[in-house]
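First the structure, in the form of structure tokens, and then the observations on it.
The values are calculated or read from the model by the stated rules, or taken from the named source; none is laboratory data. In this text, all values refer to a predicted model and were calculated from it rather than measured experimentally. Virtual Cβ from ideal backbone geometry, glycine too; neighbours counted across all protein chains shown.
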Amino acid sequence: MTDIITSSGLPRISSGSRVTLHFAILLETGEEVDTTRRRSAAVFTVGDGSLLPGFEEALFGLQAGDDAQLLLAPEAAFGPHRRENVQLLARDRFSELELEPGLMVSFAAPDGELPGVVTRLFEKTVEVDFNHPLAGRPIIFDVSILAVEDGDPQNVSATS
């Protein structure tokens, strides 16, 4: 593991770094979708799968004390919206539900549950979108880096 050290002596985020940060995920309109700012800071190791790779890569080079708003293209965030992930399902599969556009439904899948959003209703079918709700949308990743560790417990940088 190689960390980039700045002239200030603080390690910069790179592959394998242990990072403590607060973040918010915003739409381009500024609407907040998720945040850690009202709860505990997030702690993860770059590459451990806690964050999507595009979010991790956007952090590379930042160090403790940095605040940044990073615009991520859909491909670097939640992926493109894929038409093949929008399915028409028989309406009788939903006999127990009061259907309306925007309703989130969950289906059994081999590896757990697969969520989908009802997008349109027809006489005999229901259109369900299985894309991530933020797929196809640019995302602003608003971050405050609190600490960066390079694996050596004596080389920890933090801000108050």
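Here are the numbers for the structure shown:
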| quantity | calculated |
| --- | --- |
| Residue count for the stretch 89-104, restricted to those that are closer than 17 Å to PRO133 by Cβ and loosely packed, with under 10 Cβ neighbours inside 10 Å | 2 |
| Filter pass, GLU127 being outside any strand (DSSP E or B) and more than 24 Å from GLU28 (Cα to Cα) | no |
| Answer from PHE107, PHE23 - the residue that is surrounded by 12 or more Cβ atoms within 10 Å (Cβ to Cβ) and either small (Gly, Ala, Ser) or modelled with pLDDT of 95 or more (or both) | PHE23 |
| Listing of strands (runs of 3 or more DSSP E) fully contained in the stretch 35-93 that carry 2 or more residues being over 30 Å from ARG120 (Cβ atoms) | 42-45, 67-72 |
| Of all residues in the stretch 23-43 being of a type outside the set (Val, Ile, Thr) and more than 13 Å from the chain's Cα centre (by Cα), the one that is nearest to ILE145 (Cα to Cα) | ALA41 |
| Flag for LEU88 being modelled with pLDDT under 95 and either over 30 Å from GLY16 (Cα atoms) or of a type in the set (A, V, I, L, M) (or both) | no |
| Options GLY16, GLY79, GLY61; residue that is surrounded by fewer than 15 Cβ atoms within 10 Å (Cβ to Cβ) and either of a type outside the set (S, T, N, Q) or in contact with a Phe, Trp or Tyr (Cβ under 7 Å, 6 or more places away or on another chain) (or both) | GLY61 |
